[in-house]
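For reference, the structure is listed below as structure tokens.
The values are calculated or read from the model by the stated rules, or taken from the named source; none is laboratory data. In this text the structure is predicted, and so the values were computed from the model without any measurement. Ideal geometry is used to build each Cβ from the backbone, glycine not excepted, and the neighbour counts take in all protein chains shown. All accessible areas refer to the heavy atoms of the entire protein, side chains included, with ligands and DNA or RNA removed. Shrake-Rupley method; radii C 1.70, N 1.55, O 1.52, S 1.80 Å.
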Amino acid sequence: MSAPASPPAVRSLRISRSPVGIPRHSVAVRCKKVVCVAPTILTKLQKECATPLPVLRRVADAMAADMRAGLAADGGSDLPMILSFVDNLPTRNEKGLFYALDLGGTNFRVLRVQLGGKDERVVATEFEQVSIPKELMFGTSEELFDFIASGLAKFAEKEGAKYHLPHGTKKEIGFTFSFPIRQTSINSGILIKWTKGFAVSGTAGKDVVACLNEAMERQGVDMRVSALVNDTVGTLAGARYWDDDVMVAVILGTGTNACYVECVDAIPKLQSHNSSSGRTIINMEWGAFSNGIPLTQFDRDMDAASINPGEQIFEKTIAGMYLGEIVRRVLLKMAEASDLFGESNMEKLSTQFVLWTPHICAMQQDNSQDLEAVEAMLYDVAGVKSNLNARKIVLEVCDTIVKRGGRLAGAGIVGILQKMEEDTKGQIYGKRTVVAMDGGLYEHYPQYRRYLKDASLVSCFSFLSFPPFPRQTWELRMKAKKNLEAVDKLVRTICVCVLFNVSRSKEEKLLRGIVQVLLVMNMKAEELVETLQDFEHNGLRKKGIHVFHVASLEYRTPLDFVELLLAGVSKSIAAAVLAKQCYSNEESPKVGFP
């Protein structure tokens, strides 16, 4: 059929003023192109980024398999599975002055803390955060470490009277380093490669502790680095200072990483290392993981244009440095293929990394009817004008990329727990297990955090083995495939049983029964979480039985999340304490893993 002779319909926005004072010029938009082309690209994007339960399971299984291969031999998988040499953790008995330095990404943090033992815990603490100039991220090793040592010197000069160092004791510092290293001892490590956009020359293959010690000597800083701790290891140790059930730590910020507690017997490649506790912390460097991840052409193009093509694929799909850039590439494609942004100049939108993850986060928090914050952000940051329809499409793109990132991160966490449970039966199943979370992306992006937790909950239940059910329950479960009323009946029956049998084991079995029913029905992840929330609200919670902490999303069965709201402070304290434990003139008590 021939196309109509008349031109496509054109819509215009009224000229008005936005809340931020930017004129809303008339934007001519050819509806046919916008309606047909941009949504087509969006639909394809959503399909390629989809993370239903089978995809989450595939990612979790692949993560567990790569963990085992990485523990078997160096280079055995994408995951290096680096030994941290941290076999003992803070006891809460520590007293005295502790210093720490945290090099985490686009900034570094220096901290001092006075600890008062179990009774007083943290007596006083001070820290400063310093942004690293972009030119130093591409400069020389000496320039970068001299800049850091200079900042440390200025901070040390401000030490007040409330901080006390025993007479004759040299100041020692714990160094939290957030880049891949091959740890050779508790106070030395060879840089494997820079990540997070750094490309500093002259450091790869060198001991980063030696680099910092030399810089401190050049800057006249009278301190010694006595413990080198990966930032994720520091997060785990810092969280254990407050909660003994912490077994895993994950950082989701500019970059990403994870670590966990492993039995030394499960590390075939481990040689000539004696652990007093029989366990140690493994630094996974999970950003290098790549198996089973759903990728789009936008991901491949971004990877090809990066400073490390073909590397850190997991990080490039879930970490804060990259989410905004993926969204920018999608929007640019839409703008080139349609009149999504009218006749706006695309120069700024064509600039790599002009759109950052905080920008897309801010847009997703806009609940106004006209999406005025989205309009302002697009104009101020990307230099494009938009109508309401275009702004809605932009939000759909943001949500698609963020949803994939959060859910893949959740699947990665489940893969860690799955590996721990399968290799050490009973370590996870039926026990409270805490995952310590840190990083600005996790802390400040509510949609990302929600997607991560939802995926973790659903995936966890899908790999846990369920206990046997009575015949009547089994029959109800089978009927539930065809009849939702059967689910309601089963839920009511189980809730009544729980009211009269409130022991922890019984309660968990019954709740798992509900979940298994829903999984048999192939319920979508989002529907499953919503249903569980409804069950808790209407059935169990009103009776005072606290099974799922849905409001705060602290899942007691089988997973807890600890949010370290003072991001970086706890892990820095842990690094300082570990330094003191290892090299203090006075012997400090140590504690092993349970």
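Heavy atoms only, probe 1.4 Å: what % of the accessible area of region 85-229 goes to carbon and sulfur, would you let me know?
48
Can you give the relative contact order of region 92-172 as a percent, counting alpha carbon pairs under 8 Å and 6+ residues apart?
28
What are the ³J(HN,Hα) values, in whole Hz, obtained from phi via the Karplus relation 6.51 cos²θ - 1.76 cosθ + 1.60 with θ = phi - 60°, for each residue of region 233-242 in sequence order, with x given for Gly and Pro?
4, x, 4, 5, 5, x, 5, 5, 4, 10
May I ask you to derive the relative contact order of region 352-441, considering only C-alpha pairs under 8 Å and at least 6 residues apart, and to give it as an integer percent?
17
Let me know the shape class of region 53-145, please: from the alpha-carbon gyration tensor, a ≥ b ≥ c as square roots of the eigenvalues, rounded when a/c is under 1.5, otherwise prolate if a/b is greater than b/c, or oblate.
Verdict is oblate for region 53-145.
Please work out the average accessible area per residue across region 85-229, using the 1.4 Å probe convention, and give it in Å².
With the other protein chains kept in place, region 85-229 gives 41 Å² per residue.
Dipole size in debye (nearest 20) for region 85-229 around its Cα centre, Lys and Arg Cβ +1, Asp and Glu Cβ -1?
Here the size comes out at about 300 debye.
Starting from the Cα of Lys154, step 7 Å along the direction of its Cβ; do the same at Asp380; then give the gap between the two resulting points in nm.
Placing both labels 7 Å along Cα→Cβ, they lie 2.7 nm apart.
Among 321-327, 150-156, what's the highest-first ranking by average C-beta atoms within 10 angstrom per residue?
Listed from highest to lowest mean packing, they are 321-327, 150-156.
Might you tell me the accessible area per residue for region 347-439, computed with a 1.4 Å probe and given in Å²?
Counting only protein heavy atoms, the per-residue value for region 347-439 is 34 Å².
If the chain between Glu214 and Ala50 were fully stretched, how many nm would it gain, using 0.36 nm times the residue separation less the Cα-Cα distance?
Taking Glu214 through Ala50 to full extension adds about 54.1 nm, to one decimal.
What are the residues whose amide H is under 5 Å from the amide H of Thr176, where those residues sit 5 or more places off or on another chain and H is modelled from the backbone?
Leu101, Asp102, Leu103, Val229
Using the Cβ atoms and a cut-off under 15 Å, what net charge is assigned to the surroundings of Glu214, where Lys and Arg are +1 and Asp and Glu are -1?
Taking every other residue near Glu214 into account, the sum is -3.
Of all accessible surface on region 352-397 at a 1.4 Å probe, what whole percent is carbon and sulfur?
Of the solvent-accessible surface of region 352-397, carbon and sulfur hold 50 percent.
Quick one: which of Lys47/Lys316; Lys134/Lys269; Lys134/Lys154; Lys269/Lys419; Lys118/Lys162 span more than 29 angstrom between C-alpha atoms?
Lys134/Lys269
Distance between the C-alpha centers of region 358-426 and region 222-287? Whole Å please.
Going from one Cα centre to the other spans 29 Å.
Quick one: which residues, 5 or more positions from Asp87 or on another chain, have an amide H under 5 Å from its amide H? H modelled 1.01 Å from N in the peptide plane, none for Pro or chain starts.
It is none; the list stays empty.
Please work out whether region 185-310 counts as rounded, prolate or oblate from its C-alpha gyration tensor, where a ≥ b ≥ c are the square roots of the eigenvalues and a/c under 1.5 means rounded, while otherwise a/b larger than b/c means prolate and anything else oblate?
Taking the square roots of the gyration eigenvalues as a ≥ b ≥ c, region 185-310 is oblate.
Pick out, in residue order, every one of the trypsin sites (Lys or Arg not before Pro) in region 367-447 that is DSSP loop and has at most 13 other C-beta atoms within 10 Å; say none if there are none.
Taking region 367-447 and a limit of 13 other Cβ atoms within 10 Å, the loop trypsin sites (Lys or Arg not before Pro) found are Lys425, Lys431.
Provide the descending list of Cα extents for region 85-229 along its principal axes, expressed in whole angstroms.
Here the Cα extents, ordered largest to smallest, are 45, 34, 26 Å.
Ordered by packing density, taken as the mean number of other Cβ atoms within 10 Å over each peptide's residues, highest first, how do 47-56, 226-235, 240-249 rank?
226-235, 240-249, 47-56
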